[in-house]
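The values are calculated or read from the model by the stated rules, or taken from the named source; none is laboratory data. Keep in mind that what you see is a predicted model, and the values were worked out from it rather than measured. Note that each Cβ is placed from the backbone with ideal geometry, even for glycine, and that neighbours are counted across all protein chains shown.
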Amino acid sequence: MQAIDEMTAVKGLGLGFALAAINPKNLFMCIAAGVSIGSASLATSGVITSILVFTVIASSTVAIPVIGYLVAADRLREPLARLKVWLQDNNTTVMSVLILVVGVVLIVRGIGGIF
């Protein structure tokens with residue numbers, strides 16, 4: 001974890017892309033979004049808008065803290081450090097709840113498509 005803290009921006013971008021592209025949770029959420037958008041019978045402009053909205057929402061969890069840190073590094077250093085420790089301590093619970101929620105949403109959408 002300390003190696004990540006001392007990483008350059010270019011290496012961080014590469015690592016972030018690799019972790020996002022390889023992570024099964026991200027892949028399944030993107031596949032689910034793609035299937036939902038693709039099966040919605042939208043016009044081309046609706047598909048493009050849906051993809052853009054999904055991309056903005058999906059990237060906001062990374063972009064907001066990064067932009068906030070760039071703007072107010074001194075004020076955000078301590079809260080982000082506490083959040084990092086909390087996420088490390090509760091990673092299993094956070095991931096379990098997230099996967100459960102995504103699974104329930106996909107099951108409900110699947111059952112809704114049957115009827």
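Residues that are within 22 Å of G110 (Cβ to Cβ) and either touching a residue at least 12 places away in the same chain (Cβ under 8 Å) or among the aromatic types (F, W, Y) (or both) within region 40-63 comprise S50, I51, F54, A58, listed in sequence order.
Taking every residue in region 1-28 that is modelled with pLDDT of 75 or more and pairing it with any residue that is part of a loop (DSSP other than H, G, I, E, B), at least 6 positions away or on another chain, the pairs with Cβ-Cβ distances below 9 Å are L15/M7.
Of the residues making up region 6-34, those that are of a type in the set (A, V, I, L, M), assigned to a helix (DSSP H, G or I) and in contact with a helix residue (DSSP H, G or I) (Cβ under 9 Å, 6 or more places away or on another chain) number 8.
Restricting to region 49-87, name every residue that is polar (S, T, N, Q) and either outside any helix (DSSP H, G or I) or modelled with pLDDT under 90 (or both). Within region 49-87, S59, S60, T61 meet the criteria.
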